[in-house]
Amino acid sequence: MGVAVKIMLYLFAVGSGLMNAVQSGCNSTLGKNIGQFPAAVVIGLVATASAVAVGLASGGLALPAADKVAGAPWRAWVGGVLGATFVLAQLFVAGQVGSGVFIAMTVTASVTMSLALDHYGLVGFEVHAAGWGRIAGALFMFTGLGLIARY
């Protein structure tokens with residue numbers, strides 16, 4: 001992978017992280033106005049419509065071959081459920097605890113789980129050992145979470 005591609009991918013990841021904090025507030029507001037479960041359905045429909053629009057505009061939306069669908073492992077099919085769980089957490093929790101605490105909690109939990117997934121090579125990730133540096137980084141995140149939650 002070239003340097004320019006890597007930079008673009010990193011910028012995309014950072015941008016999505018920035019938008020995630022805003023999304024939590026938007027989704028929480030929608031939930032307060034129309035109810036959490038109706039909001040979850042609306043959010044899912046808008047996400048689907050957005051993905052279809054971008055796929056059509058980019059020429060990247062095509063039906064996959066049947067053998068590709070049949071050959072996908074079970075874990076490939078649960079991402080939508082996990083995403084819906086995150087949206088529901090935004091709807092029920094973010095508005096109650098605030099964006100800073102909510103995002104700090106979810107990011108810290110994500111990093112901790114990610115270290116385990118990488119260390120053991122689970123759900124399709126290559127093995128990346130959880131050395132002292134990675135573990136220390138996660139511990140610092142817990143410290144940061146504690147500071148954000150307290151103050």
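Just a few scattered comments:
- The apolar share of the surface of segment 40-131, taken as the fraction of accessible area on carbon and sulfur atoms (1.4 Å probe, ligands and nucleic acids excluded), comes to 73 percent.
- For the chain, the per residue solvent-accessible surface stands at 71 Å², with DNA, RNA and ligands left out and a 1.4 Å probe.
- Sum of -39500 (n - 2.57) over DSSP H runs of 4+, divided by residues of the chain (222 nm, nearest 500): -25500 deg cm²/dmol
- K32 accessible area, assembled protein chains, probe 1.4 Å, Å²: 140 Å²
- In summary, the helical segments of the chain meeting the span-like criteria, namely a full DSSP H run, a Cα extent along the axis of 18 angstrom or more and a mean Kyte-Doolittle hydropathy of at least 1.0, are 36-58, 99-120, 132-150.
- Between T29, T48, T85, the Gaussian network model of the chain with springs among Cα atoms under 10 angstrom shows the greatest mean-square fluctuation at T48.
- Model label points for V54 and R134, set 7 angstrom from Cα along the Cα-to-Cβ axis, are 2.7 nm apart.
- Entry for percent of Cα pairs over 24 Å apart (calculated from the structure that is shown) out of [x] 23; [y] 30; [z] 50: [z]
The values are calculated or read from the model by the stated rules, or taken from the named source; none is laboratory data. From a predicted model like this one, the values you see are computed outputs, not experimental measurements. A quick note on method: Cβ atoms are made from the backbone with ideal geometry, for glycine too, and the neighbour counts reach across all protein chains shown. Remember, those area values only see protein heavy atoms, side chains included, never the ligands or the DNA or RNA. Shrake-Rupley method; radii C 1.70, N 1.55, O 1.52, S 1.80 Å.
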